[in-house]
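Written out below as structure tokens is the structure these notes cover.
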Amino acid sequence: MSLSKEKEAKIVRYYHVEKWKIGTIARQFGIHHSTVRRVLRDTGAAPRERLACKLMITPYLPFILETLDKYPRLTASRLYGMVRERDYPGGEDHFRALIARFRPKKVAEAYLRLRTLPGEQAQVDWGHFGHLQIGEAKRPLMAFVMVLSYSRKIFLRFYLNAQMASFLRGHEAAFESFGGVPRVLLYDNLKSAVLEREGDAIRFNPTLLEFAGHYHFEPRPVAVARGNEKGRVERAIRYIRDNFFAGRTFKNLVDLNQQADQWSEGIAAERRCPEDTRLLIREAFLDEQDKLLALPDYPYATDERVEVQIGKTPYARFDLNDYSVPHTHVRRTLTVIGKPGKVLILDGANILSEHVRSYDKGQQIEDPVHIAELIERKRQAAQQRGQDYLTKSSSKAKALLVAAAAKGYCLRPIIAQLEKLLSLHGKTVLDAAIEEALNKGVPHPNAVRVALERQRELTANSSPAELHLSDPRLKELLIKPHPLSNYAPQQKPEENDE
């Protein structure tokens with residue numbers, strides 16, 4: 001708790017002149033007693049109440065100081081257990097407070113102010129800025145930040161992940177914005193830059209090395225636990241959090257990046273340059289821009305490229321969504337290329353389909369042509385299956401279909417209608433009706449229906465056949481009669497004369 005100089009002077013005067021106790025001072029000023037003790041200790045006046053504790057611990061101080069000198073990070077709890085074994089009579093809370101005073105203080109490290117030449121160096125890092133809800137997907141909002149070490153020019157671009165593709169795209173966008181490439185880029189020990197590190201032995205990410213070779217810069221990781229070596233980009237991320245992102249509203253990622261570009265070129269560039277306070281960052285950047293390496297003739301391919309196994313349905317799974325492919329490519333391995341705004345699906349070097357990229361979750365992004373071709377294929381397959389079933393079930397059906405095809409009739413509805421008639425009347429009755437329609441030279445389901453209707457009328461006009469209950473199982477059936485009360489007429493309620 002921070003106190004004013006006036007209040008600290010009052011605490012010292014009430015303690016030494018008025019002889020107030022520490023608890024009394026704490027109550028009167030509304031502060032904790034430890035704050036009063038700190039003020040008295042900082043002014044060189046040790047509280048009177050601590051003298052007894054000091055006397056209690058005094059015999060153990062040589063042992064305590066020797067132990068702390070050997071093991072400066074030994075906890076107060078363990079040290080208290082050691083002195084308790086040596087008959088220390090005090091309580092643990094008082095002991096903790098005393099040890100905090102006697103523990104050796106870590107010597108503050110001094111740092112040299114790092115200065116760089118124009119165009120020599122830039123620092124790169126990711127910043128996490130919460131999440132974006134896109135439909136059913138909750139995507140991390142990551143800020144790619146690159147800062148030129150000399151002019152402090154900031155490049156800011158937001159992405160929905162921190163994967164290698166986004167990492168490289170951030171570099172390319174920064175180089176395009178700066179109009180050149182710094183000679184050295186400093187990185188933290190993130191996986192996109194350093195895969196493995198053991199002391200000074202470093203194994204860089206091979207993709208980053210290939211990218212660096214394309215743009216002719218040197219990737220250089222900072223030492224472990226040495227955030228001061230890339231303090232420019234870390235301070236820039238804090239500056240972005242406080243002066244750009246805090247309280248900002250945006251419609252989507254595109255809108256946020258447009259605002260970030262305006263802020264980087266506007267407010268962020270109007271600050272004074274720490275390397276030369278006579279210049280603004282915008283002015284210092286103009287001096288540095290000429291010292292940057294020239295951009296290569298063509299950009300580096302930063303597209304996401306994955307191999308996808310297509311299942312029994314014609315869809316390729318990529319980044320939480322399914323994208324349609326031609327039905328002729330099921331049960332095959334295809335290549336999916338992800339770009340910022342679209343998704344390409346390739347079979348070797350041939351592009352099978354192109355879709356607008358979705359950052360939602362669990363969506364099916366379909367090409368209408370793919371679905372129409374699949375539906376047509378299914379219809380043809382259904383017709384073929386229906387035809388096979390019909391010709392196997394009815395001996396006369398094949399002859400009718402051949403005659404109908406000769407007359408130019410569409411077979412699909414004929415097959416569907418004959419299948420329905422087969423299920424209603426059976427094979428024998430249908431064969432007789434088909435034969436009658438063929439004899440009349442009309443190979444059509446309407447003629448078959450007329451024949452079936454004629455057969456039904458002849459059967460209805462004939463004498464009814466005798467019913468024989470020859471099946472012995474019929475004798476074992478139990479028939480439970482319904483109670484006659486169910487059939488009694490219901491009485492109407494008497495009308496009220498009133």
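Coordinate-derived values only; no laboratory data. Remember, predicted model here, so these are calculated numbers, not experimental data. Ideal geometry is used to build each Cβ from the backbone, glycine not excepted, and the neighbour counts take in all protein chains shown.
General observations
- Relative to one another, the C-alpha centroids of segment 212-283 and segment 318-347 are positioned 36 Å apart.
- Antiparallel content of DSSP bridges confined to segment 304-366, in %, to 5: 90
- Cα shape, segment 375-458, gyration tensor, a/c 1.5 rule: prolate
- A Förster distance of 51 Å, applied to the separation of the beta-carbon atoms of Q289 and L3, puts the FRET efficiency at 0.55.
- Under 24 Å, Cα to Cα: Lys pairs in segment 121-289, sequence gap 8 or more or different chains: 4
- If you wrap the Cα atoms of segment 304-366 in a convex hull and average its projected area over all directions, you get 3.7 nm².
- Cα-projected label distance for L195 with R248, points at 7 Å along beta-carbon direction, nm: 3.5
- Label-point gap, in nm, between L61 and I134 - each point 7 angstrom along Cα→Cβ: 6.5
- Computed label-point distance, nm, for sites A372 and K339 using a 7 Å Cα→Cβ extension: 2.4
- Three-way shape call for segment 121-289 based on the alpha-carbon gyration tensor, with the a/c threshold at 1.5: oblate
- Cα-only Debye scattering, segment 5-102: base-10 log of I(q)/I(0) at q = 0.10, 0.13 Å⁻¹: -0.34, -0.55
- Subtracting the Cα-Cα distance of N161 and R78 from 0.36 nm times their residue separation leaves 25.4 nm of extension gain.
- The length gained by stretching the chain between D276 and F29 to full extension, at 0.36 nm per residue less their Cα-Cα distance, is 84.2 nm.
- Using a Förster distance of 22 Å, the FRET efficiency for K398-Q455 (Cβ separation, nearest 0.05): 0.55
- Here the extension length gained between Y409 and H16 equals 129.8 nm, from 0.36 nm per residue of separation less the Cα-Cα distance.
- Packing-based order for 115-127, 336-348, using average beta carbon neighbours within 10 Å, highest first: 115-127, 336-348
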